[in-house]
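To start, the structure under review is shown below, and the notes come after it.
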Amino acid sequence: MAAINITNVSKIYAGGVEAVKSVSIDIDDGEFIVLVGPSGCGKSTLLRMVAGLEAISKGTVEIGDRVINDVEPAERDIAMVFQNYALYPHMTVYNNLAYGLKNRGTPKAEIEARVAEAARMLEIEQYLTRKPRALSGGQRQRVAMGRAIVRKPAAFLFDEPLSNLDAKLRVSMRGEIKQLQKRLGTTSLYVTHDQLEAMTLADRLVVLNGGEIEQIGRPLDVYHTP
Ligand code: ADP
Ligand code: ADP
């Protein structure tokens, strides 16, 4: 049993567009899978179905050994990191990190410990009392990562998390994400249209084209097929 089993999953949007066509991916525990492919190939749609932000038209998604097709997003034991950070603008960084845990009724001491640990890992301790607008793009993306980390989820889902950053920051954040993921050992599904980013991050790459899997394998096998 893999950590995430995506089995014969399809998405047919209202109007009939089949954005994802019978895709199957078994993601191992702790594995970093990158979905890559041109704009419109169905990457986001597939990720959003795993996240519960989009209904699954056909097939099943299992996280752990639980079919999550009909499970509410908040109950799926996953945390998602978005391209636009999706921080709460009126809350401090501390409260952005703590919010999801407060909602789950996590004891205050536990919240403080988890926020402190995530802030240390991401080197954002000095910004905890600031509001998001007083942070740079890279710092905001760290807060978004922190919000995922504090949940200690079974899986991270990343939707083009670095595409709003400048090229230099993108490269350094890429390295940080990889290091953090290995350190935490959290199973990850990451969407990008950037091949270099995909190669650097992935344990295995899934190349989508027209809603179907074109290739799946380790980066060197996918990009250096003779
Ligand atoms: P990618 O993330 O690879 O750019 P998407 O998953 O966003 O691709 O889109 C895949 C296909 O589904 C595209 O043809 C897109 O136009 C279509 N699509 C995406 N969202 C919707 C929607 N809400 N309604 C109808 N079609 C959609
Ligand atoms: P709210 O805006 O929800 O009223 P507060 O900003 O008053 O929240 O903070 C709620 C709790 O979060 C505080 O009692 C404190 O324990 C904790 N907290 C807030 N900011 C920090 C911080 N920078 N460092 C540690 N704990 C903090």
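For Cα pairs less than 8 Å apart in space and 6+ apart in sequence, what is the mean separation divided by the residue count of segment 128-226, i.e. the relative contact order in percent?
Value for segment 128-226: 20 percent.
Can you give me the angle between helix 108-122 and the longest principal axis of the chain, using Cα atoms only, in degrees from 0 to 90, rounded to the nearest 10?
Computed tilt is about 70 degrees.
Hey, if we sort Val61, Val17 by accessible area with the 1.4 Å probe, largest down, what's the order?
Reading off the accessible areas and sorting them downward yields Val17, Val61.
Pick from Arg120, Arg204, Arg147: which residue has the top mean-square fluctuation in a GNM of the chain where Cα pairs under 10 Å get a spring?
Arg120
In degrees between 0 and 90, to the nearest 10, how far off the longest principal axis of the chain does helix 93-103 point, with axes built from Cα atoms?
Rounded to the nearest ten degrees, it is 70.
Subtract the Cα-Cα distance of Val171 and Ala74 from 0.36 nm times their separation in residues, and report this length gain in nm to one decimal.
31.8 nm
Go ahead and set up a Gaussian network model of the chain, Cα springs under 10 Å, then flag whichever of Asn103, Asn69, Asn95 fluctuates most.
The residue with the greatest mean-square fluctuation here is Asn103.
Taking a probe of 1.4 Å, how large is the accessible area per residue of the chain, in Å²?
Per residue, the chain has an accessible area of 47 Å².
Run lengths n ≥ 4 of DSSP H only: what is the helix-derived mean residue ellipticity at 222 nm for the chain, with -39500 (n - 2.57) per run over all residues, to the nearest 500?
-10500 deg cm²/dmol
Measuring from centroid to centroid over Cα atoms, what is the spacing of segment 118-144 and segment 24-102 in Å?
22 Å
Could you pull out the GluC sites (Glu not before Pro) across segment 68-143 that fall in loop regions by DSSP (anything but H, G, I, E, B) with no more than 12 other Cβ atoms inside 10 Å?
Those satisfying the criteria are Glu123.
Which whole-Hz ³J(HN,Hα) couplings does segment 190-198 yield from phi under the Karplus relation 6.51 cos²θ - 1.76 cosθ + 1.60, θ = phi - 60°, glycine and proline marked x?
10, 9, 8, 9, 8, 4, 5, 4, 4
What are the lysines whose alpha-carbon lies under 20 Å from the alpha-carbon of Lys11, with same-chain residues fewer than 8 places away excluded?
Lys21, Lys43, Lys58
Between Ala148, Ala118, Ala74, which gets the highest mean-square fluctuation from a Gaussian network model of the chain, Cα cutoff 10 Å?
Greatest mean-square fluctuation among the candidates belongs to Ala74.
Under the rule of at least 5 residues apart or a separate chain, name every residue whose amide H is placed under 5 Å from the amide H of Met91.
The list, which skips near neighbours in sequence, is empty: none.
Karplus couplings for segment 69-81 from phi (6.51 cos²θ - 1.76 cosθ + 1.60, θ = phi - 60°), rounded to Hz, Gly and Pro as x?
Once rounded to whole Hz, the list reads 3, 10, 8, 4, x, 5, 9, 8, 6, 10, 9, 10, 10.
Keeping the other protein chains in place, figure out the carbon and sulfur percent of the accessible area of the chain, with a 1.4 Å probe.
Percent of accessible area from carbon and sulfur atoms in the chain: 49.
Sequence-distant or interchain residues sharing an amide H contact under 5 Å with Met80, placed H: which?
Under 5 Å from the amide H of Met80 lie the amide H atoms of Leu157, each far enough along the sequence or on another chain.
In whole percent, what relative contact order does segment 37-192 give with Cα contacts below 8 Å and a gap of six or more residues?
29 percent
The values are calculated or read from the model by the stated rules, or taken from the named source; none is laboratory data. Everything numeric in this text was worked out from a predicted model, so none of it was measured. Methodologically, a virtual Cβ is constructed for each residue, glycine included, from the backbone with ideal geometry; neighbour enumeration extends over all protein chains shown. Note: accessible area is taken over every heavy atom of the protein model, side chains too, but ligands, DNA and RNA are not part of it. Shrake-Rupley method; radii C 1.70, N 1.55, O 1.52, S 1.80 Å.
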